[in-house]
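The values are calculated or read from the model by the stated rules, or taken from the named source; none is laboratory data. All of these numbers come straight from a predicted model, not from anything done at the bench. Positions of Cβ are generated from backbone atoms using ideal geometry, with glycine treated the same way; all protein chains shown enter the neighbour counts.
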């Protein structure tokens, strides 16, 4: 464990060789396994499992009952909703050991994954994307995309503040909360 100033509830289990950033909070019955890197000011809710070698950036919020399996990397400011699910083997079988076949899933900066959503391994989530509650992600998700359903389908775009973007005839949208402008071109969104 690191020498950082973090909080771990007495029922939390933190294995050897973990790095945990300052200001992070790890709550009841959570288990952080060996060789994890958890950034500063993260919050791991109750009954969270962080498997070996997982990397969480700064300010990652993990709600209750989430398991983050080996192969998952979350960049800064990611939100993982209650009971959402990652996978790390594309074709799991109880009788066949496939630990050397873990697939990587990258959740990029600022993305949010809703409650009870499932992310099938090997499908990256773009910056500030918003995955709706219960969605099942089976393909790459672009930055700022709003996706819902099973299998997930993109239904629009969102701002960094999580508001639906409505583009004018010139491909410009304004976030109603931040007043930041976004441009849609070639089916990609970027903040301008």
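Hey, can you tell me all the residues within the stretch 124-136 that are surrounded by fewer than 23 Cβ atoms within 10 Å (Cβ to Cβ) and within 19 Å of residue 90 (Cβ to Cβ)?
Of everything in the stretch 124-136, those that are surrounded by fewer than 23 Cβ atoms within 10 Å (Cβ to Cβ) and within 19 Å of residue 90 (Cβ to Cβ) turn out to be 124, 136.
Yes/no per residue for (1) closer than 23 Å to residue 89 by Cα; (2) buried (at least 18 other Cβ atoms within 10 Å of the Cβ); (3) at pLDDT 95 or above:
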position: 42; (1), (2), (3): no, yes, yes
position: 48; (1), (2), (3): yes, yes, yes
position: 52; (1), (2), (3): yes, no, yes
position: 56; (1), (2), (3): yes, yes, yes
position: 66; (1), (2), (3): yes, yes, yes
position: 69; (1), (2), (3): yes, yes, yes
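Between a residue in the stretch 128-141 that is at negative phi and modelled with pLDDT under 95 and any residue that is part of a loop (DSSP other than H, G, I, E, B) and buried (at least 24 other Cβ atoms within 10 Å of the Cβ), which pairs come within a Cβ distance under 9 Å, given they are 6 or more apart or on different chains?
Within 9 Å, no pair qualifies.
State which residue is surrounded by the most Cβ atoms within 10 Å (Cβ to Cβ) when the search covers only the stretch 75-110 and only residues that are more than 12 Å from the chain's Cα centre (by Cα) and outside any loop (DSSP other than H, G, I, E, B).
Of everything passing the filter in the stretch 75-110, 101 is surrounded by the most Cβ atoms within 10 Å (Cβ to Cβ).
So which residues in the stretch 121-150 are touching a strand residue (DSSP E or B) at 6+ places or on another chain (Cβ under 6 Å), assigned to a loop (DSSP other than H, G, I, E, B) and closer than 21 Å to residue 76 by Cα?
Residues satisfying the conditions are 121, 123, 124, 126, 129, 132, 144.
I'm checking my understanding of the structure. Among residues of the stretch 154-192 that are touching a residue at least 40 places away in the same chain (Cβ under 8 Å) and in a strand (DSSP E or B), which one is surrounded by the most Cβ atoms within 10 Å (Cβ to Cβ)? Walk me through it before giving the result.
In the first step, residues of the stretch 154-192 are kept if they are touching a residue at least 40 places away in the same chain (Cβ under 8 Å); the result is 160, 162, 187-190.
The next check asks that each one be in a strand (DSSP E or B); those that pass are 188-190.
Numbers: 188: 13, 189: 23, 190: 12.
Top of the filtered list is 189.
Could you list, in sequence order, the residues of the stretch 19-40 that are in a loop (DSSP other than H, G, I, E, B) and crowded, with 19+ Cβ neighbours inside 10 Å? Working first, answer last.
To start, the set of residues in the stretch 19-40 that are in a loop (DSSP other than H, G, I, E, B) comprises 21-24, 27-30, 33-36, 39-40.
The answer is 21, 24, 30, 33, 36, 39.
Any residue at all in the stretch 66-76 that is out of contact with any helix residue (DSSP H, G or I) (no Cβ under 6 Å at 6 or more places or on another chain) and more than 26 Å from residue 150 (Cβ to Cβ)?
Yes - at least one qualifying residue is present in the stretch 66-76.
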